[in-house]
Each structure stands twice: as C-alpha cells, then as structure tokens.
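Undergrad: Here it is, the structure, as structure tokens.
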Amino acid sequence: MTKILIDGHEHDLPGELTMLQACEAAGAEIPRFCYHERLSIAGNCRMCLIEVRMGGKPGPKPVASCAQQLKDLPPVKEGQPLHELITNSVTVKKAREGVMEFLLINHPLDCPICDQGGECDLQDQAMAYGHAKFNRFEENKRAVTDKNMGPLVNTIMTRCIHCTRCVRFAAEVAGVDEIGATGRGEDMEITTYLERAVTSEMSGNVIDLCPVGALTSKPYKFNARPWELTKTESVDVMDAVGSAIRVDARGPEVMRILPRTNEDVNEEWISDKTRFACDGLRRQRLDRPYVRRDGKLQPATWAEAFAAIAVRVKATTGARIGALAGDLCAAEEIKALKDLMQALKSPHMDCRQDGSLLGTDSQGNRQARQSYLFNTNIAGIEQADAILLIGTNPRWEAPLINARIRKTWLRNPVRIFRIGPAHDLTYPVDELGANPQILSEIAQGHHAVFQTLKDAKHPMLIVGPQAYARADGAAILALSAQIARETGMIGPEGQWNGFNVLHTAAARVGALDLGFLPGPGGRTTHGMIEAARSGELDVLYLLGTDELPSYDLGQAFVIYQGHHGDRAAHRADVILPGAAYTEKNGTYVNTEGRVQLGRRAIFPPGDAREDWTILRALSEHLGAVLQYDTLEQLRAAMLQDAPHIAHKDLAPANPGADPTIWTRIGEEGAIDGTPLKAAIHDFYLTNAIARASQTMAECSRTYGRGGMTMAAE
C-alpha cells in the first residue's frame, strides 16, 4: 500500500493503481478520452492531466494520470511531506482547457445532426472542462474521408480525436488487427485494413467505446435521440451466454439494444447479433391467429383457433400428442406447456431441437444438473491454464466466451487444444484433428494432452454442439467426463470444476432444469418427428420451434406458437401469435446455470399475447385447466420443479468430485469415426429474429458464405 495525499487528504492505496484510479478512488472526477478500464494505456489524449507535488515541491508540468502508477513515484525521504496529487488547481484547470481547445480545433460543428448527441463525452467534457473563449485557431479545419467498416459501423472520421480506443479494442479484445492509424500529426487517420469491413462478431462495441461521433451505428443512423427512448434492463437470448442488455424503445418499436455491465457474464461487451438483430423484431411478425382451411392458412379469432385445436386434441389420446420447445422460449411458457402436456397425459415432450441427449441417459432417466452446465462459470475461464475444446467453435457459438478465452490467453500462460474443424478463434490453438476418437486416447492417458491437463492447476474442457448433438454425442460426453475425472478437473466441493458444456440456445438450460424432457415411454425430438411421419403421432405442439432438422411431419396436426412467420409457421395447421423476448417478462437460465430475468420493453403487436397466457387460455378449451392465473403464481409453480430458480443472478457452486454425479454423465459406447462438423454455418442467421433482420441479412452477405467467411469449409 502507498500513502499519498490527494487534494489535501491522506489515503492509503495499492501501488498498482494508476494515478487516475487513485484520484477516482478518493472521490475526484478525472476527465478522459483515450483511457478505458478494459484496454491498454495509450496516454494520447492528455485530458486526464493532474498536478503532482513530490515532497512538497511542484512538478515541472502536469502529468497524464492514466499512464503512471503510484508505485512509479520515488520513495518519500525522511522528514519530507507525502507526495500529493492535485486535481483541482489553477494549473490543472488551465491545462485541461488548453487540451480541450486543441481537441476542438478541427472538430466539426455538427452536433445538431450527430447521432452521438446527448451521449457524447466530448460535449459533456467541453462543457465541464473547456472555456468560453473564442477559438484562437483561424486556419481551415481539416477534413478526413469516411472509411468503410462494413454494414454495421457508420464512420464520420472528421470527428475523430485519435483516442485509439477502437484500435485497441480490435487488437486486444476482438482479436482482429484490422483497425489502425496511418500518417502522423495532422495527417493521422484511423482506418481499416485495405478499406474492408471489420471481420469481428463484436465490432459494434467500438460504437460504445468511441467518445465522439466518429463511429456510430449504421442501422440506427438518424432514427432517434436518446432522450426520446424508454430504457429497459433485460437479458439477451441470441445465444446462451445471457449477456446483460438495455433495450431502448420508442412507442411500440425497439430502436436499439446496448450492453449493460455484468462482470461475471459479458463484462460490458455484446455480440453484433445481440446489438443489431433488433430490426428483426418488427418484420415478418405473427400478429393474429391463423387456421388452415382448404389447404391455406387463413386469419381467425382466438376462439376459432382454440376450437380447432380442441377438436383435434379431444379426438385423440395423450399417447399420440407431442410437444417441442424452441430455443428462444422463456422458462414460464415452458413450464406452462409441460403442465398442459402432463394434464393431457402425454409423455412426449422435449426441449432439445438439436437431437442431443443432454440431461438424460438412454433410458430417459434425468442426470445431475452439473452434467449439462458450464461449471467453471464464464468469469472462471480467466483462471484456466489448460483448455481442451471438444466440438465447439466459441467464436460463433458464444462470442463473449471466446473473448474471455482470448483475455485469458493474453494474460496467462495457457495451452489451448481443440478437437474439431479448424476455425480462426483469434488466439493460437493446438489442433488435434476433427476425429472424436482421439478422446479415447486422451481418456486412457495415451496422449500428451492428458499429461498437460493433469499437470495444470486449473484445467478445463468445453464440450460444444458439434460433439453432443451427434448420434454418438452421449458417448462423447461420457469420455469427456472421464477425462475431467482422471485429470483432476473436478476438485472438492465449492472449488474448481473444469467440466463445461457450452449451449447455444437461451432456453435450453431452463427447460432442462424444469424437466421438459420425455417422460416414461416418451419420445425424444427425433422420435416425435419419425412418429409424426409414420402416423403414430396425431398432434404436435411446436412452441417457438424453428430449428428442427426436418419439417416433414406427415399428416400430423401441427400447432405453432411463436412470434415470427419463420420455418415452422409454414407447416402449421394452427398458428398462435406469441411475444418476442422484448415483449414479455420472462426467466432465462444461461449456459452456466445463472438464473436471469428478461423484462418487457414493449407490447406484442396486434392480437399477439404473452406465451404463458396463451397456454393458460388454451387449457380451458382442452378441459385441462392450468392452476395459475398470474405470473407470480406461475413462478411459484416453477419452484416446485426447480427450486434454484428463486436465486437470481447467481451461478451454481461446484458440488465436488461426487462419483454419483460425475460417473453417470453421458452413456458408454462406441464413438463414430466421422469427423466433427460445424454446428453453425452462418453466425448471423441462427434464429427466427435474426433471419427476419435486414441488417443480419446484409452481414450474412458480407461475412457469410458469399463473402469473407471465417469457417474452414
């Protein structure tokens, strides 16, 4: 600890703190443009100047407080007063005014038309730390040509003040060295490599980092002002990470989505799909019920739709009714659908559209919760010193988890191995090939990777959908669990647990927790599809189920409940319009088992309703009335199936190396030698909302198979 005076008051602070951090810890406000807590120090804006008095003597000039740590100060000699940091002297005020005047020399006076207006650091700090004198610069202002950064980031580079936040973010966090500076002095320009789009799934974060209006959102351009928007804190459903977001809406329309800070999950970043797919919320929406008559879907009332369903359901038995839950569903409607199926005496229900057997064994017995969670926790990745990736491409399946792995690689000596198809993950990986049979060698200790994992203090593995969604996925899970046990990845209770399953569906863990799985004699997803084709299933209820491997469902009566006219809606016999994630209050459980709340920002369009209320109303027409009338009652019923849902925003603790848990994961069996294949072929078009988005369609054309694809074909 270092004793130091800050504005006349003594403080005892860690020597590793920068002077800027020390001043803010003492309650002083320090302006800055280039400094950011999650990026390396640049020290090039000079706005954070303070005065340093060493031993009672003033320094020769103000110091950039972001670029010097307290421990860099010389020791205090005996008899001398403590060193002092001064943030409010006349010298400091004059220095900041000079820096602000310099920054405004070439800045264009286009604040009235700038999308950064109302959220601009330059505006705020010019008012707080600038001066009211006329600018002494009389020469012509410089002009800079706007750059091409792709379909997401709009550039007006004449506004740029060269803070280099975007450059450092691209190189350090995103891992793509495609933004940089050319020229020197007045000729310096921030640009992209060869004027091409930035090939990162996190490029939109430079919009939040930019302290001026040089980098703004291209889809949001000239659409709204921040003071017009209603701001709602919620959670993302584009993947299973559960990023903290803020939904900004105006009237009935979501205008933009921004990140919120959650150190344990997404820090303060979000993926481009999370940020920019929101225009898909207002396109291709289902806003009224439909019933198929004479081979065509025709508009109907709610009563007519319910009556059509009731006729078909009452004409069959529960043994010939099935239900599937989709990837974007909240836990509330999953619970309501489960209770409805049980009331109809149907054992056929499943939440695993990809056909995996996570959460159950081949006999349908439920396995421990830890068998399908990301047990290390997302923040725990930073402790890892050896990582084995099994059938996963985290850059597309979970960009925020990939960013954590990259952060770990930058800071720690970590070895990363992968079994699966090769992709650029923005950090070096030891490729072990795509044949999953190599897992047997590792599990038996016949491969060098085994010893590396065993010697590591915090080893971990990540099993992805390329592995567990295969026909032999249960065997791969069993071998992965064996590797975890044999290499010491699973420590004592409450300590390190390196066995991780990476999900890609926001609804999956919550549905597994609630037990939306086949009952005794029940069919899995593939079993229900085959039964529908063969005529063994009369009714199939699809709750937001848009990613099925096949929609050849024979003559089965198909009910689709969802918010977009996507794939399943075209096959449906009855369509019930539901609410998207921004239009309802819902509970989601992310891949690490953290329970989070999504909150309603706008109301569903037209006659669409919240999904659980649709199921509650339908249950009356089917003669199987659900025993809850309010959201609070429904959530109380959810606790009977999953008591941990009461604990919001808490990641579950490691239960320890209990053999009753860790020896029963997956199923022993032979592994097919077929190489692992990519689970996601287009990052930007993975769900119904994204497929309805024009912005995501443009990204797919730019970065996907027709453009600069990242995946190795």
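The values are calculated or read from the model by the stated rules, or taken from the named source; none is laboratory data. Computed from a predicted structure; not experimentally measured. Methodologically, a virtual Cβ is constructed for each residue, glycine included, from the backbone with ideal geometry; neighbour enumeration extends over all protein chains shown. These accessible areas exclude ligands, DNA and RNA; they are computed on the full protein's heavy atoms, side chains included. Shrake-Rupley method; radii C 1.70, N 1.55, O 1.52, S 1.80 Å.
Undergrad: Around Lys335, under 12 Å between beta carbons, what's the net of Lys plus Arg minus Asp minus Glu among the other residues?
TA: With Lys, Arg at +1 and Asp, Glu at -1, the neighbours total -3.
Undergrad: Karplus couplings for segment 17-30 from phi (6.51 cos²θ - 1.76 cosθ + 1.60, θ = phi - 60°), rounded to Hz, Gly and Pro as x?
TA: With the stated coefficients, segment 17-30 comes to 5, 6, 4, 4, 5, 5, 5, 6, 5, 8, x, 8, 9, 10 Hz.
Undergrad: Order the peptides 259-272, 626-639 from the highest to the lowest mean number of other Cβ atoms within 10 Å of their residues.
TA: Packing order, densest peptide first, comes out as 259-272, 626-639.
Undergrad: In segment 444-590, with Lys and Arg counted as +1 and Asp and Glu as -1 at Cβ, which of these residues, Met460, Gly510, Ala572, has the Cα nearest the positive end of the dipole, that is, farthest along it?
TA: Met460
Undergrad: Ok, one more. If I take R0 = 35 Å and measure r between the Cβ atoms of Leu650 and Cys111 in this structure, what FRET efficiency does the formula 1/(1 + (r/R0)^6) give, to the nearest 0.05? Please list the in-between numbers first.
TA: Working: r = 43 Å, r/R0 = 1.24.
Rounded to the nearest 0.05, the efficiency is 0.20.
Undergrad: Once fully extended, how much extra length lies between Glu138 and Asp430, figured as 0.36 nm per residue of separation less the alpha-carbon to alpha-carbon distance?
TA: Result: 99.3 nm gained on full extension.
Undergrad: Hey, what's the per residue convex hull volume over the C-alpha atoms of segment 91-155, in cubic angstrom?
TA: Details: hull volume 7.6 nm³, N = 65.
Roughly 117 Å³ of hull volume per residue.
Undergrad: In addition: Taking R0 as 41 Å, what FRET efficiency do you get between Glu263 and Glu620 from their Cβ-Cβ distance, rounded to the nearest 0.05?
TA: Efficiency computed from Cβ-Cβ geometry: 0.35.
Undergrad: Using the structure shown, list the pairs from Lys57/Lys77; Lys221/Lys273; Lys141/Lys221; Lys314/Lys338; Lys273/Lys296 with a Cα-Cα distance above 23 Å, or answer none.
TA: Lys141/Lys221; Lys273/Lys296
Undergrad: Quick one: putting +1 on the C-beta of Lys and Arg, -1 on the C-beta of Asp and Glu, what dipole do you get for segment 470-533 around its Cα centre, in Debye to the nearest 20?
TA: 240 debye
Undergrad: State to the nearest 20 debye the size of the charge dipole of segment 203-268 about its Cα centre, where the only charges are +1 on K and R beta carbons and -1 on D and E beta carbons.
TA: 480 debye
Undergrad: So what J values fall out for segment 652-659 if you push phi through Karplus, 6.51 cos²θ - 1.76 cosθ + 1.60 with θ = phi - 60°, rounded to Hz, Gly and Pro as x?
TA: x, 7, 5, x, x, 7, 7, x
Undergrad: Report the per residue volume, in Å³, of the convex hull enclosing the C-alpha atoms of segment 1-99.
TA: Hull volume normalised by residue count: 95 Å³.
Undergrad: With the crude spin-label approximation of a point 7 Å out along Cα→Cβ, what separation in nm comes out for Glu29 versus Gln383?
TA: Output for this residue pair reads 3.9 nm.
Undergrad: Residues of the chain: accessible area per residue at 1.4 Å, in Å²?
TA: The answer is 40 Å² per residue.
Undergrad: Rounded to the nearest 500, what is the 222 nm mean residue ellipticity of the chain from helices alone, with -39500 (n - 2.57) per DSSP H run of 4+ residues and division by all residues? If you can, show how the numbers build up before the last one.
TA: Numbers: 22 runs with 182 residues, N = 713.
So the calculated ellipticity at 222 nm is -7000 deg cm²/dmol.
Undergrad: Sort 580-591, 165-176, 8-19 for me by packing, meaning the mean count of neighbouring Cβ atoms within 10 Å per residue, highest on top.
TA: Numbers: 580-591: 25.2, 165-176: 21.5, 8-19: 14.3.
Result, highest mean Cβ count within 10 Å first: 580-591, 165-176, 8-19.
Undergrad: While we're looking at this one, here's another question. Please report, in whole Å, how far the alpha carbons of the chain spread along each principal axis, starting with the longest.
TA: Computed over the Cα atoms, the extents are 90, 60, 48 Å.
Undergrad: Also, I was wondering about something else. Considering only protein heavy atoms and a 1.4 Å probe, what is the carbon-and-sulfur percentage of the accessible area of segment 270-342?
TA: Working: 1340 of 2690 Å².
The nonpolar share, carbon plus sulfur, comes to 50 percent.
Undergrad: Next question, about the same structure. Compute log10 of I(q)/I(0) for segment 81-208 with the Debye formula, placing one identical point scatterer on every Cα and leaving out solvent, at q = 0.17 Å⁻¹, to two decimals.
TA: -1.01
Undergrad: Any idea how far apart Asp552 and Arg38 come out in nm if each label point goes 7 Å out from Cα toward Cβ?
TA: 4.6 nm
Undergrad: Continuing with the same structure: What is the distance in Å between the Cα centres of segment 566-601 and segment 18-85?
TA: Centre-to-centre (Cα) distance: 49 Å.
Undergrad: Could you let me know the centre-to-centre spacing of segment 480-514 and segment 273-335, using Cα atoms, in angstrom?
TA: 33 Å
Undergrad: Along the charge dipole of segment 610-713, Cβ charges K/R +1 and D/E -1, which of Cys699, Tyr628, Leu685 sits furthest on the positive end?
TA: Toward the positive end, the furthest listed residue is Cys699.
Undergrad: In addition: Just the number, please: Stokes-Einstein D of segment 168-286 in µm²/s, Kirkwood Rh from C-alpha pairs, 37 °C, 0.692 mPa s.
TA: 207 µm²/s
Undergrad: Here is a follow-up. Based on the mean of other beta carbon atoms within 10 Å per residue, what is the order of 396-407, 80-91, most packed first?
TA: Peptide ranking by packing, descending: 396-407, 80-91.
Undergrad: About its Cα centre, what dipole magnitude does segment 563-713 give when the only charges are +1 on Lys and Arg Cβ and -1 on Asp and Glu Cβ, stated in debye to the nearest 20?
TA: 380 debye
Undergrad: Tell me the Rg and the Dmax, in Å, that the Cα atoms of segment 254-317 produce.
TA: Spelled out, the Cα radius of gyration and Dmax of segment 254-317 are 20.2, 55 Å.
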